[in-house]
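Reviewing the structure listed below.
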Amino acid sequence: MKNFDRFIIIVLDGFGIGALPDAADYGDENSNTLKNIFGRTKELKLPNMKGLGLANIEGIGYLGPVDEPMSCFGRMSEKSPGKDTTTGHWEMMGIYLEKAFPTYPKGFPESLIRRFEEKIGTKTLGNKVASGTEIISELGDEHTRTGYPIVYTSADSVFQIAANEDVIPLSTLYGICEIARSLLVGEHQVGRVIARPFIKKDGKYIRTANRKDFSISPLRDTALDFIVRSGKKVVGVGKISEIFTGRGITESYHSTGNRDGILKTIEYINTEFNGVLMTNLVDFDMLYGHRNDPSGYAAALEEFDSYLPQIISSLKNGDILLITGDHGCDPITISTDHSREYVPLLVYGREIRSGVDLKTRSSHADIGKTMLDMIGVPGDVEGISFAKEIRQ
């Protein structure tokens, strides 16, 4: 049976396609990121994703399905509790969580904040649930005056630290985040500590591209670990390496946004490598979903779609391209946070079948399981492989 040389995974961060059956438990029963963007903009043009079969996925018929999809298509449930980036990506690579990472809708306990302040040697500002852009607008001046870092969270399991790069240098901010990561263990083991640097430009505080995530290490081996042990490469573009704390990653390339991430992905596809290339495109989530900007989200989807022909033409015969999301981030609902949704599954390759309806997969983990099967690397991970369904 033929093994494939390379597996390219592109994760559109926050690209949901409809509420999961348990969405009401998370306050997300009305969430449908793609459909609500389509309903609001009415001008969403995604000819290349539709050509692959996006509109043929259950629940997306409103985009207009095609008669002969170029790829295999379906949608994926999330088996693990939660709706954050770490949970979604870990599940893709074969790890189920039994318990969701903790969240703090009323801010972090004062005792925890005091311990943090003692460790970093300064007071902090904020300690509440807030939008990242709003809190730097609200507290930016006080932060600049006092030098105190801004601490905030969201509905997701994150401990975010914002600082003006001209007040707290990046290296110092990253060091503060590492201290926070060391404190956030046990009952307070959040999924990610995130550095959120910003600057002041034209009288306004704006975030920079120097964000950095400090995740916890995967609880056990992922599909990426097994790929690396087999002697193959695993290349991460965007925040992939940070999500997996560098485990199972042989090379990592930071991106400054979607376009940069797409171009770096295309550039690496055109090199000679054997293994896995995994990209996270964060702007859908960070710039548009969290900011309730459906027009911006739609434009970002159309930009990604416009690059698809170049991505596909760069593929070699032994390549498989997989496009998916890690959770929803509906920009239409009142919430500015992630949403508990199905995510799309598009699988394309010149040497695999096309037009196969993979239906509703029971978990994201089917990706990692299938990847190991298609590349021919044994590994004990969760999930149900769909390799037999897509092989010619």
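Okay, here's what the table says:
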{"item": "Those residues of the stretch 1-29 which are in a loop (DSSP other than H, G, I, E, B), aliphatic (A, V, I, L, M) and over 30 Å from Ile375 (Cα atoms), in sequence order", "result": "Leu20"}
{"item": "The one condition in (1) touching a residue at least 40 places away in the same chain (Cβ under 8 Å); (2) under 26 Å from Ile320 (Cα atoms) that Ser31 fails to fulfil", "result": "(2)"}
{"item": "Qualifying residue in the stretch 188-200 (condition: farther than 23 Å from Asp373 by Cα, of a type in the set (Gly, Ala, Ser) and within 21 Å of the chain's Cα centre (by Cα))", "result": "yes"}
{"item": "Residue match in the stretch 259-274 (condition: in a loop (DSSP other than H, G, I, E, B) and either under 19 Å from the mean Cα position of the chain (by Cα) or on the phi > 0 side of the Ramachandran plot (or both))", "result": "no"}
{"item": "Selection count, the stretch 118-157, where residues are of a type in the set (Val, Ile, Thr) and under 15 Å from Lys106 (Cβ atoms)", "result": "3"}
{"item": "Scan of the stretch 348-370 for residues that are within 23 Å of Phe38 (Cβ to Cβ) and buried (at least 24 other Cβ atoms within 10 Å of the Cβ), ordered by number", "result": "Tyr348"}
{"item": "Matching option when the condition is under 23 Å from Gly16 (Cα atoms) and at pLDDT below 95, among His327, His364, His290", "result": "His290"}
{"item": "Wholly enclosed helices (runs of 4 or more DSSP H) of the stretch 30-116 bearing at least 2 residues over 21 Å from the mean Cα position of the chain (by Cα) and over 21 Å from Asp13 (Cβ atoms)", "result": "47-52"}
{"item": "Test: Thr124 is among the hydroxyl-bearing types (Ser, Thr, Tyr), within 20 Å of Arg181 (Cβ to Cβ), touching a residue at least 12 places away in the same chain (Cβ under 8 Å) and touching a Gly at 6+ places or on another chain (Cβ under 9 Å)", "result": "no"}
{"item": "Members of the stretch 53-96 found to be free of Cβ contacts under 8 Å to residues at least 40 places away in the same chain, surrounded by fewer than 18 Cβ atoms within 10 Å (Cβ to Cβ) and on the phi < 0 side of the Ramachandran plot, listed by number", "result": "Gly61, Tyr62, Pro65, Val66, Asp67, Pro81"}
{"item": "Residue tally, condition over 21 Å from Asp373 (Cα atoms) and aromatic (Phe, Trp, Tyr), over the stretch 201-236", "result": "2"}
{"item": "Answer residue from the stretch 265-305, given it is buried (at least 17 other Cβ atoms within 10 Å of the Cβ) and acidic (Asp, Glu) and is nearest to Ser255 (Cα to Cα) among those", "result": "Asp283"}
{"item": "Residue count, the stretch 212-231 (criterion: assigned to a loop (DSSP other than H, G, I, E, B) and buried (at least 20 other Cβ atoms within 10 Å of the Cβ))", "result": "2"}
{"item": "The stretch 255-264, residues that are under 23 Å from Leu46 (Cα atoms) and either in contact (Cβ under 8 Å) with a residue 24 or more places away in the chain or surrounded by fewer than 17 Cβ atoms within 10 Å (Cβ to Cβ) (or both)", "result": "Gly257, Asn258, Arg259, Gly261, Ile262, Leu263, Lys264"}
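The values are calculated or read from the model by the stated rules, or taken from the named source; none is laboratory data. No experiment lies behind these values; they were computed from the predicted model shown. Positions of Cβ are backbone-derived with ideal geometry, glycine not excepted, and every protein chain shown enters the neighbour counts.
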